[in-house]
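Here's the structure, in structure tokens; my notes come after.
The values are calculated or read from the model by the stated rules, or taken from the named source; none is laboratory data. No experiment lies behind these values; they were computed from the predicted model shown. Here the Cβ positions follow ideal geometry from the backbone for every residue, glycine too, while neighbour counts run over all protein chains shown.
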Amino acid sequence: MRKTLPDKMLRTQAHALGVNILLFFSMTCCSQSGSNSRDEIPLKQVSGSIRISSGRQSDMANWTVLTLERTTLNARTALVDSNGTFELSHVREDRPRTIALLSPDHILRSMLSIPTASPTLINQYFSGTPTQLPPLVDRGPIVFFGSLDGITPITDSIKSDRGDGVPNSAYGDTGYGLIGEDSSTTFDPNGLPGVFNPDRNSDGILDIFETDVNANRKADAAEGFGPNFYSEGLEYAAVQYELASDSSGTETAQILFSAKLKPGLKVQDIQIHGSNNITSGASTVSGGVTGAWDKTLLDDGASDDSIAGDNIFARRITLSSATRLKSYEVVIFEPRRADGESNPSAQPLAGSKYPVTAPPLTVSALSTPVWDSVTRTINRAGNPFGTVTAYTWSVTVYDANSKPVYNSNAVDGSEDTLILPDNAFDATGSYTAKVIARCQEQVPGYSFFVVTSPVVSL
Ligand SMILES: [Ca+2]
Ligand SMILES: [Ca+2]
Ligand SMILES: [Ca+2]
């Protein structure tokens, strides 16, 4: 593995940059009086167009153009209109970036590829922020510029061994990211930025089943390492997809979104941008009443967000019955200020969006566990993650009102059974249990996939 000093230096610089911007923000916010110093963050409106190599611009309507800053992982996005044109707003002029394309169902489809003098090397990031980007042409899994007018490629010399402009990391058994050598969170010289790469250390194991991808003997979630953590704006963004089933096989899919702002920042809410697949028909419960989800995360103390006003925003939604999260579906978090667009240039968060990408894995429901009252053993039935055993599972016991009365320790997915201690429940009452399986935590308290079994009577 090639974990080099320059990567670390870049991260340190990104960190320092984030600190500088926060300092700038706190200075401007406390010395207002109409000063024009508010305009010092150089934000720009950028327009562009896109078409398929052999098609019309209008073919790309409702695709999303996403531009990702090289060091901060902050994104800006725009929807392609019916003419095949788009407007990216609040683009940081001074920051190198790349471009990715999402199809109308928000699935990652293409990464920018800029040719070099060598047919087997490409570049992916560029500096320069012209008001009009050169025309983009999509030829999935790459998108390229028709010219380089107004932009300057950054020389990363990313390998494209097949000579077709496609970075090596875009090839792999399950799609993107399973070939490559770099585990940097900030950018991937092999062609797939960390926020989109499900296997950043290229060991063939999805990172959601690993606890220490950067191999420094510290749990990544605890040390704030990985694509869910950001150097500015948000502290983290987490998506937890929860699949539960009952004994008749009826499945319920929920998503728990959570994000935390950096200290000192203030926003009204966080809006989620995703496919219609997850936003349409999704419902949420507020004050005991189920209603349509307004696509926001709240910091009101009543939304699975810890306490009100602590800068942790969250929401749990229930997907409509047929919808499921798809592989490489990109969910975007957008913190929104109460005063909206009135002073965007003064706000480091203005227009900033934070992508989280679903790993390429289809989870399946668990079967009803088997209870042996003599040995007090729960037998987990089935594996929601196929052949992967690098997950954990535990047992929760519920009383007659379906309230939890006992949560077991977590055991490894390679174990099939778990013994409930004598004091887990009162033998005279009516109790049930469920098995809960989860992949490893990416953010403390959040795993990307959580699967809950049907109940078994104890
Ligand atoms: Ca991995
Ligand atoms: Ca680590
Ligand atoms: Ca909160």
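One table, with the values for the structure above:
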| quantity | calculated |
| --- | --- |
| Residues within the range 214-240 that are under 20 Å from Arg70 (Cβ atoms) and within 12 Å of ligand 2 (Cβ to nearest atom), tallied | 5 |
| Check on Ser283, of a type in the set (Ser, Thr, Tyr) and in contact (Cβ under 8 Å) with a residue 60 or more places away in the chain | no |
| Enumeration of residues in the range 288-303 that are assigned to a loop (DSSP other than H, G, I, E, B) and either more than 16 Å from ligand 3 (Cβ to nearest atom) or buried (at least 18 other Cβ atoms within 10 Å of the Cβ) (or both) | Gly288, Trp293, Asp294, Lys295, Asp299, Ser303 |
| Every pair of residues 6+ apart whose Cβ atoms lie under 6 Å, when the first sits in the range 215-228 and is without any contact (Cβ under 8 Å) to a residue 60 or more places away in the chain and of a type in the set (Phe, Trp, Tyr) while the second is surrounded by 13 or more Cβ atoms within 10 Å (Cβ to Cβ) and not in a helix (DSSP H, G or I) | Phe225/Asn214 |
| Single residue of Leu265, Leu243, Leu256 found to be more than 24 Å from Leu366 (Cα to Cα) and away from ligand 2 (no atom under 16 Å from the Cβ) | Leu265 |
| In the range 95-132, residue farthest from Gly194 (Cα to Cα) [restricted to those that are among the aliphatic types (A, V, I, L, M) and touching a Leu at 6+ places or on another chain (Cβ under 8 Å)] | Ile114 |
| Criterion violated by Thr155 - all others in (1) of a type in the set (Val, Ile, Thr); (2) at pLDDT 85 or above; (3) closer than 19 Å to Phe385 by Cα; (4) surrounded by fewer than 19 Cβ atoms within 10 Å (Cβ to Cβ) satisfied | (3) |
| Residue check for Asp203: near ligand 1 (Cβ under 9 Å from one of its atoms), crowded, with 21+ Cβ neighbours inside 10 Å, assigned to a loop (DSSP other than H, G, I, E, B) and free of Cβ contacts under 8 Å to residues at least 60 places away in the same chain | no |
| Some residue of the range 373-387 being touching a residue at least 60 places away in the same chain (Cβ under 8 Å) and closer than 30 Å to Ala100 by Cα | yes |
| Subset of the range 115-170 [of a type in the set (Asp, Glu) and either touching a helix residue (DSSP H, G or I) at 6+ places or on another chain (Cβ under 8 Å) or outside the structural domain of Leu102 (by TED's automatic domain parsing) (or both)] | Asp138, Asp161 |
| Boolean, Val267 is more than 16 Å from ligand 1 (Cβ to nearest atom) and touching a residue at least 12 places away in the same chain (Cβ under 8 Å) | yes |
| The range 204-217, residues that are of a type in the set (Lys, Arg) and farther than 26 Å from Thr387 by Cα | none |
| Selection count, the range 375-407, where residues are outside any loop (DSSP other than H, G, I, E, B) and either under 32 Å from the mean Cα position of the chain (by Cα) or not β-branched (Val, Ile, Thr) (or both) | 11 |
